[in-house]
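The values are calculated or read from the model by the stated rules, or taken from the named source; none is laboratory data. Everything quoted here is computed from the prediction, not taken from an experiment. Counting neighbours? That spans all protein chains shown, and the Cβs are built from the backbone with ideal geometry, glycine included.
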């Protein structure tokens, strides 16, 4: 669930640029790099204008006994058919660096995958690892993925626990049959294991997978807010614990150097949780393909969003499509 862990730290690390600069070598040694993460250059879209960037953040659903992402990984990140992408987010970083936009792509989206015909979007990772997933998203959206990052379940839990858990607000009591958990209405304090159950639930939520996306985004916003409220960013010891956990758990594409991360830390030093905007790729409806429950994306509305991601005009797009923004301070 990288999108609910690494994204918050990535966007808020700018507020802690001093510590980041001081310990950058340690953090760099912690990070595991992914070689050959991208598809062949000749088949890829053009870059966004100026210094705007689009990142692909992925959470792997492989429940391995040991880490598959991060510094301590001793199992392969990707094995054919062994795991799918549980969470998929495009993060748009505009050229002016005054905001960040997180766009969730439903993992059950029914899309064309090269060499495989139509299948669920998350199957692309199972079929061909990061390169095929990135190629599938780039062909679908026309948006070039500048950087790729991935976290597995163990990394997600360690990130959450490093912060001391996270508080989320739910509006109704709901039963999670897959996890066998009853979530009562009100404020819930989630440690790493409970947080994983919370963000993975889709049954008994409005819209199924779409309801789960809102939970994931609500958790991310709460995580970011808690960093500020608990003084994590102003406390070198707390912040170091958090950044140590993040950098040890995440895997990044090998083109993302420590100097790039340092530059980003400085560029985003004024960004706060309220400056992070959440959205979901437009959906036309849901249905079934064979025995699979799937999500059908809306091609026309989707292209408007994807064009904004390509051209760094997301703020203008959202101003004319207010219903595209997800309000996630409280969720089911």
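Quick notes on this structure:
- Filtering the stretch 222-236 to residues that are buried (at least 22 other Cβ atoms within 10 Å of the Cβ) and touching a strand residue (DSSP E or B) at 6+ places or on another chain (Cβ under 9 Å) leaves 222, 223, 224.
- Residues of the stretch 250-283 satisfying the condition of being under 16 Å from residue 27 (Cα atoms), crowded, with 17+ Cβ neighbours inside 10 Å and in contact with a strand residue (DSSP E or B) (Cβ under 6 Å, 6 or more places away or on another chain): 250, 251, 252, 253, 256
- The stretch 286-332: number of residues that are under 25 Å from residue 222 (Cβ atoms), part of a loop (DSSP other than H, G, I, E, B) and in contact (Cβ under 8 Å) with a residue 40 or more places away in the chain: 5
- Qualifying residue in the stretch 80-89 (condition: in a strand (DSSP E or B), surrounded by 22 or more Cβ atoms within 10 Å (Cβ to Cβ) and modelled with pLDDT under 80): yes
- Matching residues in the stretch 5-47 - criterion: being at pLDDT below 85 and in contact with a strand residue (DSSP E or B) (Cβ under 7 Å, 6 or more places away or on another chain): 5, 6, 7, 11
- Residue match in the stretch 162-180 (condition: surrounded by fewer than 18 Cβ atoms within 10 Å (Cβ to Cβ), closer than 25 Å to residue 250 by Cα and at pLDDT below 85): no
- Filter pass, residue 71 being in contact with a strand residue (DSSP E or B) (Cβ under 7 Å, 6 or more places away or on another chain), surrounded by fewer than 19 Cβ atoms within 10 Å (Cβ to Cβ) and either in a loop (DSSP other than H, G, I, E, B) or at pLDDT below 90 (or both): yes
- Qualifying residue in the stretch 93-103 (condition: in contact with a strand residue (DSSP E or B) (Cβ under 9 Å, 6 or more places away or on another chain), surrounded by 21 or more Cβ atoms within 10 Å (Cβ to Cβ) and modelled with pLDDT of 95 or more): yes
- The set of residues in the stretch 246-256 that are farther than 25 Å from residue 192 by Cβ and touching a helix residue (DSSP H, G or I) at 6+ places or on another chain (Cβ under 8 Å) contains only 253.
- Subset of the stretch 144-188 [without any contact (Cβ under 8 Å) to a residue 60 or more places away in the chain, assigned to a loop (DSSP other than H, G, I, E, B) and farther than 24 Å from residue 327 by Cβ]: 177, 178, 179, 180
- Test: residue 195 is within 30 Å of residue 24 (Cα to Cα), at pLDDT below 90, in contact with a strand residue (DSSP E or B) (Cβ under 9 Å, 6 or more places away or on another chain) and buried (at least 21 other Cβ atoms within 10 Å of the Cβ): no
- Any chance residue 141 is in contact with a helix residue (DSSP H, G or I) (Cβ under 6 Å, 6 or more places away or on another chain), buried (at least 22 other Cβ atoms within 10 Å of the Cβ) and free of Cβ contacts under 8 Å to residues at least 60 places away in the same chain: no
- Looking across the stretch 108-143, the residues that are in a loop (DSSP other than H, G, I, E, B) and touching a strand residue (DSSP E or B) at 6+ places or on another chain (Cβ under 6 Å) come down to 108, 121, 122, 143.
- Checking each residue in the stretch 189-206 for being under 25 Å from residue 325 (Cβ atoms), in a loop (DSSP other than H, G, I, E, B) and without any contact (Cβ under 8 Å) to a residue 60 or more places away in the chain picks out 201, 202, 204.
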